[in-house]
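Shown next, in structure tokens, is the structure this report addresses.
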Amino acid sequence: MGSLSASSIEALGQSESFLEFQARLAKVAPVDRPVLLIGERGTGKELAANRLHFLSQRWDGPLVTLNCSTLSESLIESELFGHEKGAFTGAEKQRSGRFELADGGTLFLDEIGTIPKPVQEKILRVVEYGSFERVGGTEPIEVDVRIIGATNVDLLAMAQKNEFKQDLLDRLSFEVLFLPPLRSRREDIMLLADHFAGRMAFELGHDEVPRFSRKLIHQLERHAWKGNVRELKNVVERAVYQAEGRLIDSAVFNPFVSPYPFEPLSDGVVQGSQEVPMSGSSAEEASEMEGGFKESIRKHEIQLVRSALERARFSQRRAAELLDLTYDQFRGLLKKHKDSL
């Protein structure tokens, strides 16, 4: 028997596009026909599939999920339809597939556009006749399964290029629901952000839920959110755990843009135990240039950090803002020059 996903509470929203999508989902959920969910990464396709199942007449049956993009053609066929003992090398016993496991319930096929065409043929047979054979078997197995498919690609364009079976697409697209990206539901950003912040604070054992500063709220509401709700969740949770007080006034939107924290080899490469200088200068000239340049940069960084701290009355977060750095970048500079400040 299925159970509600703990993460289903994340399907929150009050924007017009979100409410319209949820209304369409609720309307088709009781209709025992296939549904396709189309949406960008991070928009919550799995959450939508969960809700479709639990609002359907199959709610007390199994909800079985398969991410089709992670499996080769031979593996996905075995995963979907099972196999008989001895069907292939390593098949030491009979095994039921996802269609059998989902009998009486719902089968959610995520990334359905990646399914190889030979396997699509077998899925089409199940949709049309409700039966299939295990890999290596000859006996038909009858199942009663509702299929929900999800993808972030244009299946219609794939069908027109003969990359996806048009017949299967016709059978699966009784209803097609397009999940709205976060950029089209700006009113929901802070509702979701407050939810993620509260849950993260609880997970960390904090007594109070932190608040977002006006500056950060403005940044959150204007961000592009290419990764949609999943990206927002990561940014907010990271900001909560890094915050040092009740007010969150900065967030790292991309943790990979921070400077490399270690000294790079800028003037040469290490070969064995010797450093090979760049062409066009002698070893002595390279050494002199390296020392003079690096020392100049070091002194300049120290002066900038000191000046920013004094102007910010030694608030590290304010100093980071004055230098147009993230809080982590500024802390990295403090650590780098701690013996000279």
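Within the span defined as region 196-203, every residue fails to be at negative phi and not in a helix (DSSP H, G or I). Taking every residue in region 18-38 that is outside the structural domain of residue 152 (by TED's automatic domain parsing) and within 23 Å of residue 155 (Cα to Cα) and pairing it with any residue that is in a loop (DSSP other than H, G, I, E, B) and of a type outside the set (Val, Ile, Thr), at least 6 positions away or on another chain, yields no pair with a Cβ-Cβ distance below 8 Å.
Applying the condition of being closer than 14 Å to residue 73 by Cβ and of a type in the set (A, V, I, L, M) to region 106-132 and asking which residue is surrounded by the fewest Cβ atoms within 10 Å (Cβ to Cβ) yields 119. Taken together, the criteria exclude residue 153 from residues that are part of a helix (DSSP H, G or I) and in the same structural domain as residue 99 (by TED's automatic domain parsing). If you go through region 35-86 and keep only what is of a type in the set (Lys, Arg), buried (at least 20 other Cβ atoms within 10 Å of the Cβ) and within 24 Å of residue 226 (Cβ to Cβ), you end up with just 45.
The values are calculated or read from the model by the stated rules, or taken from the named source; none is laboratory data. Bear in mind that the values here come from a model prediction, so they are computed numbers and not experimental data. Note that each Cβ is placed from the backbone with ideal geometry, even for glycine, and that neighbours are counted across all protein chains shown.
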